[in-house]
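The values are calculated or read from the model by the stated rules, or taken from the named source; none is laboratory data. Every value quoted in this text rests on a predicted model; they were computed, and no experiment measured them. As a convention, Cβ positions derive from the backbone with ideal geometry for all residues, glycine included, and neighbour counts pool all protein chains shown.
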Amino acid sequence: MNKIILKKTKELENWRQNIKDEINFIPTMGNLHDGHKKLISTAKNSNFNINLVSIFINPLQFDNKADLENYPKSIDNDITIAFSNGADVIFIPSTVDIYPPNDNNIEYIKASEELSSALCGLKRTGHFDGVCTVVYRLLNLVKPKNLYLGEKDWQQLLILKNLISEKKLNINIQSIPTQRDFDGIPLSSRNIRLSKNERQLIRLFSNELFLAKKHFKQEKTMNLKKIIKKIESKNILIEYLEHLHPYSLQKATLKDNISILAGAIKCGETRLIDHVFLMKRSPIIAIDGPAGSGKSTVTKLIAKKLKLLYLDTGAMYRALSWFLIRENINYQKENELNKILRDISIVFKSNANANQDVFINDYCVTKEIRSQEISSIVSKISSIKEIREYLVEEQRKIGESGGLVAEGRDVGTTVFPDAELKIFLTASIDERAKRRKTDLENKDSKLIDFNQLKELIKKRDFEDSNREISPLRKAKDAIELITDGYSINEVADRIIDFYNETIPKEVQNQ
Ligand code: PAF
């Protein structure tokens with residue numbers, strides 16, 4: 001497509017009327033740096049949509065006149081950077097275009113009170129109202145499918161997410177991690193105003209945040225007052241430094257697995273912000289659901305796409321069932337069972353086909369555990385208290401440092417009740433029986449009776465949902481997805497969208 005520059009809102013409206021393709025929108029205030037380049041190129045490489053970059057210094061979001069007047073401007077350079085990094089269209093309106101005087105149709109927005117009263121909102125009165133007003137105005141003009149924003153302005157990101165959901169706009173927010181310069185400081189258009197000494201201060205500040213993050217991961221604790229004291233001892237003027245819940249921006253508790261340590265410092269006339277996410281362990285996705293809901297295939301695909309460890313808790317119950325049957329163990333007898341469990345080892349190993357094999361006491365049982373014999377007994381065996389306790393403990397050990405997607409029937413309720421994302425995957429009995437039938441017929445090329453399969457699935461559901469310990473149940477905070485009529489890829493992508501909405505990009509794969 002030919003590169004286009006639009007300068008008037010009328011021009012943009014006329015152009016937009018004739019556009020059928022979907023649009024990625026990257027709003028900026030210009031003076032583009034490597035952080036903007038990353039935003040524009042990420043949008044370009046994500047899909048085949050039209051990439052539209054806006055450059056507009058929004059007076060409404062400046063609480064300080066001098067800051068607005070001194071805001072760095074480099075329009076010719078910005079146009080070159082935007083086009084060479086993947087912009088198809090650049091929109092450069094003037095202030096009267098965006099805010100025509102006497103136009104009663106401009107909607108002035110109040111940012112979420114809850115989200116804007118913390119951090120930057122404390123000192124910058126009206127700043128987020130201004131951000132919301134301009135972004136809402138631009139979104140109404142551009143009508144994009146995706147809005148690309150940097151996680152550097154984390155509070156802004158949350159406030160804009162909230163705006164989009166309150167206004168019920170059908171727009172996805174795509175975020176990118178904070179981009180940092182060679183010396184670790186976050187890239188910002190304001191950085192060019194820093195003297196060498198001021199730059200050194202923000203570098204020390206960012207460095208302290210990173211030390212706090214490392215310490216938190218190791219010790220699972222932090223002392224905010226001590227950190228503030230240490231930073232101030234380096235002659236850094238802190239405007240605020242807060243330890244908050246990353247989504248509500250309320251005070252964090254040490255129970256939170258992910259929290260944010262966010263601060264602003266004054267370097268001369270310039271105010272700079274930075275943050276780190278503190279994590280005790282890497283994120284966990286818990287996927288539960290009944291047999292035939294598509295759990296296994298979907299979970300495997302998600303693990304692959306997000307480069308997470310894949311934990312199939314059902315395979316552990318099946319492996320143990322296989323072992324108990326093969327060794328002819330009377331699993332109803334507590335003593336006998338406890339003796340056996342002490343010496344059991346169940347491990348997963350990747351095989352040559354990039355799939356996972358399951359081993360019990362060094363014996364590979366990947367195929368055997370999928371037999372009809374095991375399917376018919378596993379529910380009963382997995383309802384035994386000693387077995388559940390033993391395997392839940394093993395599963396928690398595997399998930400100790402997180403970074404995994406686990407599937408089963410009680411992952412979100414019992415194994416990892418503090419998982420960051422919980423999904424309850426289900427499908428109608430008919431759909432599940434249909435899938436199971438195709439599965440089994442592909443494997444054994446034997447014809448299977450559909451109604452018989454339906455009865456088996458109903459029986460399994462009943463047993464799983466009615467057992468005393470860890471019954472199959474949707475966790476209170478799980479998202480229910482009914483997969484009838486959706487392809488595996490569609491379901492996996494939906495869950496990945498939830499993951500991206502729940503877990504900052506900055507901490508994914510850390
Ligand atoms: O982050 C920014 O650059 C600005 O706040 C935005 C989103 C372009 C609105 O003016």
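Quick notes on this structure:
- Residue within region 470-477 that is of a type in the set (G, A, S) and farther than 18 Å from T299 by Cβ present: yes
- Test for G126: is it at pLDDT below 95, touching a helix residue (DSSP H, G or I) at 6+ places or on another chain (Cβ under 8 Å), surrounded by 20 or more Cβ atoms within 10 Å (Cβ to Cβ) and closer than 24 Å to G263 by Cβ: no
- Counted residues, region 478-497 - those being surrounded by fewer than 17 Cβ atoms within 10 Å (Cβ to Cβ) and in contact (Cβ under 8 Å) with a residue 60 or more places away in the chain: 4
- Scanning region 423-431 turns up one or more residues that are outside any helix (DSSP H, G or I), in contact with an Asp or Glu (Cβ under 6 Å, 6 or more places away or on another chain) and more than 26 Å from K304 (Cβ to Cβ).
- Considering residues of region 223-246 that are touching a residue at least 40 places away in the same chain (Cβ under 8 Å) and in contact with a Lys or Arg (Cβ under 9 Å, 6 or more places away or on another chain) only, the residue surrounded by the most Cβ atoms within 10 Å (Cβ to Cβ): L244
- Meets criteria (polar (S, T, N, Q), under 30 Å from I377 (Cα atoms) and not in a strand (DSSP E or B)) for T297: yes
- Within region 25-64, the residues that satisfy the criterion of being within 15 Å of the ligand (Cβ to nearest atom) and among the aliphatic types (A, V, I, L, M) are I26, M29, L32, L39, I40, A43, L52, V53, I55, I57, L60.
- Answer from K251, K295, K217, K266 - the residue that is buried (at least 19 other Cβ atoms within 10 Å of the Cβ) and touching a strand residue (DSSP E or B) at 6+ places or on another chain (Cβ under 7 Å): K295
- Unique residue being buried (at least 18 other Cβ atoms within 10 Å of the Cβ) and modelled with pLDDT of 95 or more when the list is I384, I423: I423
- Which listed residue, of E232, E208, is acidic (D, E) and under 20 Å from E269 (Cβ atoms): E232
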